[in-house]
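Below: the structure, in structure tokens.
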Amino acid sequence: MAQKRGLDRSAYTKIPEGKEYVPYVTSAESLSEFTIKSVLFGALFGVVFGSANAYLGLVAGLTISTSIPVAIMTVAAFRCLQQIGMKNSILEANMAQTIGSASSSLASGIIFTLPALFLWQLEPSLLQMTLLALCGGLIGVSFMVPLRKFLIGQEHGVLPYPEGTACAEVLVASDTGGSHAKNVFWGMGIGALYKLLISGLHLFPSKVTMAIPFLKKSEIGCKISSALFGVGYILGFRISLIMVGGGLLSWLVLIPAIAYWGAQRSMPLYPETALPISEMAALLIWTRYIRYIGAGAVATGGIITLIKSIPTIMQSFAIGAKELSSRVGKEQREVPRTHRDLPLKHVGLIIVVLFLIMTFVPHIFHVLDGVGQRAIAALLVIVCAFFFVTVSSRIVGLVGVTSNPTSGMTIATLLLTSTVFLLFGWVGDDGKAAAITIGCVVAIAASIAGDTSQDLKTGFLLGATPKRQQVGEFIGVLTSGVFVCLTIIFLHKAYGFGTEHLPAPQATLMKVVIEGVLQQNLPWVFVGIGVGIALLCELCRIPSLPFAVGVYLPVSTMVPVFLGGIVRLVAEKRSTSVEHSEKRREKGILFGSGLVGGEGLLGVGIAATAVFLKKAPQGIGYSWAGPVAPLLSCLAFLGLIFIFWKRVNSNSK
């Protein structure tokens, strides 16, 4: 590989008509790309970050893009192999990150939906979960194939694909990959250590809370989580501020307001059926009432985000249908290596096979027994998936994977599916379970399409072979599906979904949406308050979805996210130049990604241990510390911030 080259100057600008972008590795060059070691490392890192992302999503209701951390760890691993005489190429490293990053998108779609089945006491089998994950992943990658030529090639310079472009820059600058990799590995080590101290040894409390004087039943707290702190740095100050603002609204305004209003009421207020408000603690008020307000806000925010994207949706859908029809039956002969896609006849065959699997495999949609019922469900999956894959692939090109409104797309799918089921009279457990499994496949397809398009953009800039990358995405789905699903099962058996340890907020929201349509038993007053909050945010030009997520989640989850955002703001403000600020930002994001990976992996490991031993690790405990135990938690978190700051600023000048 030619080390002294850089990306072509037209990497960030629209290519003039009649000219062609010159990638880092030209189509005339032949470098190793699809190799055994690229597949093995990609699958390994995919399992690692897929499991960690699943844990993060179940705890905090959000996930992160893992393309860049996987790319950096791959470069570091390849450098070690180079020391023993094994040759590597940049295209091999790109293939490994392509395979590895698929798992994170798979995890996003699964944790958004399938925990709802556990909450309904309709626990799915590992086989069913894996089949749903594989169907969604393979459908998402397949529908992205005919869109690549237009979205990635012809729209180059129009759609920036931020994560894909950043990943290409990291791989091109692989001569500094060692120092980059150190930040990820340091983060993983620190994140794992903090999780061990908190959840393994129980040396200090995992959460610190404090009642606010003069505000009835108000409370503020902070989870001692390195992963949430890392997420806050990744998201930045503005989004983290908006999210914590939503949390403060719930715990400092809405809960006290409900407490004051219900102080004189002697009867329970629906949906609570046993206790009057005066006898309910703050956490119980949040569980019984505030979560419905948050659900209404999140659903509205997701739908608003989707409505804002309608021009993009319609344009993308028209383009997708046109590209698909124009390319059907065309053979790819004498096509340069950097423009070769999987043949559409193969893609069509994959879609047909997946449709037949969903139709004829019993129990894939839980308890839908009839072939006709499963055929209707499979048809809903194919139609919704094609629509939202097209939308997702274009939206992430504009705003990136983190801002992809996957939850809004999933809610729209569930509303459509639940309405169809209501018309057919499938309103019992069968209908609820089938609706959430359909939403699962579509959510995974939309999520992985966004990831695939970013990976293909990286490949476009580097000069990878699209056909091989598309096969790599398939392999990433196949190799990580069962491990991500195992992670979900272990976490449920160890902690249970809907608990303080694993609130599974997105899946709980999807459960509420389905029940609202099929059973028509929602407390609409509280849901309506949430709708009003989201609409008011939009009128004030505040992004409604992140604010709504803050309303929906405990404020103790949002505080460490906010602190991470503050550290990033201070780091950037105190930088001496734009380049200095960019270095601090990059180091912090990599270190934060490592924190997510380290805490997530050890969290999954502790859950697996608890399942096998049939009891959670007791550890040493913090009873010896007595009343100063919360102070130990605060000191531990301050220590984390200090380590993070020192790492971000090390050699930054």
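The values are calculated or read from the model by the stated rules, or taken from the named source; none is laboratory data. Here the structure is a predicted model, which is why all the values come from computation and not from measurement. Ideal geometry is used to build each Cβ from the backbone, glycine not excepted, and the neighbour counts take in all protein chains shown.
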Scan (1) crowded, with 24+ Cβ neighbours inside 10 Å; (2) at pLDDT below 85 for the single condition A76 breaks and write down its number.
(1)
Within the group I475, I448, I436, which residue is part of a helix (DSSP H, G or I) and closer than 24 Å to V512 by Cβ?
I436
Hey, any hits in region 549-567 for a residue that's out of contact with any Gly (no Cβ under 9 Å at 6 or more places or on another chain), part of a helix (DSSP H, G or I) and either surrounded by fewer than 24 Cβ atoms within 10 Å (Cβ to Cβ) or among the charged types (D, E, K, R) (or both)?
no
Picking from V381, V352, which residue would you name as being closer than 22 Å to G57 by Cβ, modelled with pLDDT of 80 or more and assigned to a helix (DSSP H, G or I)?
V381
H156: part of a loop (DSSP other than H, G, I, E, B) and modelled with pLDDT under 80, yes or no?
yes
In region 488-532, the residues that are in a helix (DSSP H, G or I), among the aromatic types (F, W, Y) and touching a residue at least 24 places away in the same chain (Cβ under 8 Å)
F490, Y495, F526
Out of all the residues in region 53-94, which are under 21 Å from T465 (Cα atoms), within 21 Å of the chain's Cα centre (by Cα) and not polar (S, T, N, Q)?
I68, V70, A71, I72
Do any residues in region 94-119 that are over 14 Å from I514 (Cα atoms) and in a helix (DSSP H, G or I) have Cβ atoms under 9 Å from those of residues that are at pLDDT 90 or above and basic (K, R), where the two are at least six apart or on different chains, and which pairs are they?
M95/R468; A96/K37; T98/R468
The residue that is modelled with the lowest pLDDT, considering only those in region 261-283 that are assigned to a helix (DSSP H, G or I) and surrounded by 15 or more Cβ atoms within 10 Å (Cβ to Cβ), is L283
Based on what the data block shows, is L601 farther than 28 Å from M210 by Cβ and without any contact (Cβ under 8 Å) to a residue 24 or more places away in the chain?
no
Looking at A571, is it small (G, A, S), buried (at least 20 other Cβ atoms within 10 Å of the Cβ) and assigned to a loop (DSSP other than H, G, I, E, B)?
no
Please count how many residues of region 46-90 are out of contact with any Leu (no Cβ under 9 Å at 6 or more places or on another chain) and among the charged types (D, E, K, R).
1
Quick test of your reading of the structure: T499 fulfils all but one of (1) more than 30 Å from L613 (Cα to Cα); (2) β-branched (V, I, T); (3) modelled with pLDDT under 90. Name the failing condition by number.
(1)
For region 378-391, what are the residues that are under 16 Å from L416 (Cα atoms) and either of a type in the set (S, T, N, Q) or within 25 Å of the chain's Cα centre (by Cα) (or both)?
A378, L380, V381, I382, V383, C384, A385, F386, F387, F388
Count of region 193-217 residues which are closer than 17 Å to A629 by Cα and assigned to a helix (DSSP H, G or I):
7
Which condition number does K615 fail, the rest of (1) in contact (Cβ under 8 Å) with a residue 60 or more places away in the chain; (2) part of a loop (DSSP other than H, G, I, E, B) being met?
(1)
Candidate set from region 94-137 (those that are closer than 18 Å to F474 by Cβ and touching a Leu at 6+ places or on another chain (Cβ under 6 Å)); member that is surrounded by the most Cβ atoms within 10 Å (Cβ to Cβ)
G137
Can you report the number of residues in region 238-260 which are crowded, with 17+ Cβ neighbours inside 10 Å and of a type in the set (S, T, Y)?
2
When you go through I190, I220, I239 one by one, which is the residue that is assigned to a helix (DSSP H, G or I) and modelled with pLDDT of 90 or more?
I190
Determine if region 439-459 includes at least one residue that is at pLDDT 80 or above, buried (at least 24 other Cβ atoms within 10 Å of the Cβ), more than 23 Å from G100 (Cβ to Cβ) and under 23 Å from the mean Cα position of the chain (by Cα).
yes
Would you confirm whether or not region 546-569 contains a residue that is closer than 25 Å to V48 by Cα and of a type in the set (K, R)?
no
